[in-house]
1. Among residues belonging to segment 1-25 that are surrounded by 11 or more Cβ atoms within 10 Å (Cβ to Cβ) and modelled with pLDDT of 65 or more, point out the one that is nearest to P46 (Cα to Cα).
2. Within segment 32-45, is there a residue that is touching a His at 6+ places or on another chain (Cβ under 7 Å) and modelled with pLDDT of 85 or more?
Amino acid sequence: MTAPAVVPPIARRGWASVNDVELALAEYVDWYNHPRLHGELGQSAPAEVEAAHRMSGYDQSAEPARAG
């Protein structure tokens, strides 16, 4: 097992307020879901893979299938 390349900002200690913790957590979640490169996704960002999937037309239709 290897250590993560980036230490999440939430791991720091000595927060001045709860607001500082909330802001750091929001920034980390944004980084985790958008610019972060993911090895299992071919070194692509999760948001890029999701956008490509949506554009591919493989999503389920908005109308559920009806029993015949």
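1. Applying the filter and picking the extreme gives L25.
2. yes
The values are calculated or read from the model by the stated rules, or taken from the named source; none is laboratory data. The structure displayed is predicted, hence computed values, not measured ones. Quick reminder, even Gly has a Cβ in these numbers, built from the backbone with ideal geometry, and neighbours come from all protein chains shown.
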